[in-house]
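A short reminder: the numbers here are calculations on the coordinates, not readings from a lab. Keep in mind that what you see is a predicted model, and the values were worked out from it rather than measured. Note that we place each Cβ from the backbone using ideal geometry, even for glycine, and neighbour counts take in every protein chain shown.
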Amino acid sequence: MTSSAKLFREATANVEAAAHSIAMDPKVRAILSGPMNELIVNFPVQRDSGDYEMLQGYRIQHNNILGPYKGGMRFHASVDLDEVRALATWMTFKCALVRLPFGGAKGGVAIDPHNFSDTELERVVRRFTHSLGENIGPEFDIPAPDMGTDARMMGWMMDTYLNSRGPGERQNARRVVTGKPVELGGSLGRAAATGRGAAYALRHLYGEFDRSLDGDTVAIQGFGNVGSHAALTLSELGMDVVAVADVGGAIHHETGLDIEKLVRFSQENGGVAGYPNAEPISTEEFFALDVDVLVPAALEAQITAHNVDSIRARWIVEAANGPITAEAAAVLDHGGVEVIPDILANSGGVIVSYYEWVQNKTSDQWSAVDVDRRLRDTVWDACDRVAAQRVSRACSRRQAAYIEAAELLQTVYSLRGIFP
């Protein structure tokens, strides 16, 4: 079984476990067990050399009972059908958990964006968007940035889509994507939202245990958009970020890193490796650090049966999607490690994407302070409900999160019925 097939199996296993816990209607259970739509598009892209290359892109639309499909577009060499299926499934439950009127979707193209020039990437985005055609739309399926994509690419995607609309529709359709530049109708605070949301989830967890963040130590794996903003926010909240790892290496400073300086260094040098004010360490040493909190904010399946026994952190925040395998999660639960699951911990991005969509619908723009306050309150409300489920059902925090989401989905299906 491929790693992505295993990922999808684990995503559906979480759904099945939650469905069993609430005695879900078998019809609803069957609907949620797989995606509603699976799109595969093949399209040509001209390279700067003049040669053409055929690329394959995906858009998986898992469920839209709560509202339009919603989910990121990922550009990464590992993208395949099963990976995108898993990510789309998680999005359905993430939106249900934080009570957004969105369904779950995900998409991507199987490329390494570092191997493409800016002009080539623009061609990829525009051809992919054109190939998707009517399968995306501001009231049907709303893409956003994900790994390997950014606000600039969302601007290209929006522009391509708008140029396929009639003149009278174009201004109303800007909300076809979220996470776009503020100048194009994006929301203030969107870039930092996933990292800040993860930090707020941890702050809530500490509050459940009547514990202060001040002076506790953190190690963060992944220092892209999510990891860097999580580090900045946790540092702002009083924690000491003592270790950071990315694809190029890992660094450690026992009294804490200067995160603002590290962010600048990483942006200028393409990663944290070589940062002069820290000690380089191996990946194995990074995961084995004696820290209070570990924040995996990179790829899926980073904590596995092979390295879980080395984990010494008491608290883990899944800022990435699926960073802990099912086998490793069982070990951590048995060992009393508190894990904030991904559908809660990294929900900040889709929460502020919803705020952006609402602002576009109303031709409004909220202040950064207002966006951040709303984000914090929404995350904390979800944390409250997950904590209550955990106590009432005597289960893990991950199980509680899926049960909380599943109960809403079950209720909506029971109220609407199933056509025909």
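General remarks:
- Given Lys6/Lys180; Lys106/Lys261; Lys6/Lys94, the pairs whose alpha carbons are separated by over 25 Å: Lys6/Lys180; Lys106/Lys261
- The packing ranking of peptides 242-253, 131-142, highest mean first, is 242-253, 131-142, where packing means the average number of other beta carbon atoms within 10 angstrom of each residue.
- Taking a ≥ b ≥ c as the square roots of the eigenvalues of the Cα gyration tensor, the stretch 1-55 is classed as prolate, since a/c reaches at least 1.5 and a/b is larger than b/c.
- Of the peptides 308-319, 102-113, 54-65, 362-373, the ranking by mean beta-carbon count within 10 Å, highest at the top, reads 102-113, 54-65, 308-319, 362-373.
- The stretch 351-375 and the stretch 36-105: distance between their alpha carbon centers, rounded to Å: 24
- Within the stretch 231-248, backbone nitrogen closer than 12 Å to the virtual label 7 Å beyond the Cα of His114 toward Cβ: 246-248
- Between Glu268 and Asp333, the modelled label-to-label distance comes to 4.7 nm, taking each label 7 Å out from Cα in the direction of the beta carbon.
- Net charge dipole size for the chain [Lys, Arg +1 and Asp, Glu -1 on Cβ; Debye, nearest 20]: 1560
- If you run the Gaussian network model on the chain, springs between alpha carbon atoms under 10 Å, then out of Thr92, Thr149, Thr255 the most flexible one is Thr255.
- Total formal charge among the other residues, if their Cβ is under 12 angstrom from that of Leu81, Lys/Arg +1 and Asp/Glu -1: -1
- Restriction of the chymotrypsin sites (Phe, Trp or Tyr not before Pro) in the stretch 146-218 to DSSP coil positions whose beta-carbon has at most 12 other beta-carbons within 10 angstrom yields Phe209.
- Debye-sum result for the stretch 19-121 in log10 I(q)/I(0), which assumes one identical scatterer on each alpha carbon, at q = 0.11, 0.15, 0.16 Å⁻¹: -0.42, -0.67, -0.73
- Ranking of Cys395, Cys383, Cys95 by count of other Cβ atoms within 10 Å, fewest first: Cys395, Cys383, Cys95
- Dipole magnitude for the stretch 169-230: computed about the Cα centre from +1 point charges on Lys and Arg Cβ and -1 point charges on Asp and Glu Cβ, it is near 440 debye.
- Value of [θ]222 nm, deg cm²/dmol, for the chain, DSSP H segments ≥ 4, -39500 (n - 2.57) each, nearest 500: -14500 deg cm²/dmol
- Taking a point 7 Å out from the Cα of Gln171 in the direction of its Cβ, the residues of the stretch 345-369 whose backbone N falls within less than 12 Å of it are 363-364.
- Euclidean distance between Cα centres, the stretch 239-282 to the stretch 183-220, Å: 19
- What you get for the stretch 193-340, charging only the Cβ of Lys and Arg (+1) and of Asp and Glu (-1), is a dipole of about 320 debye around the Cα centre.
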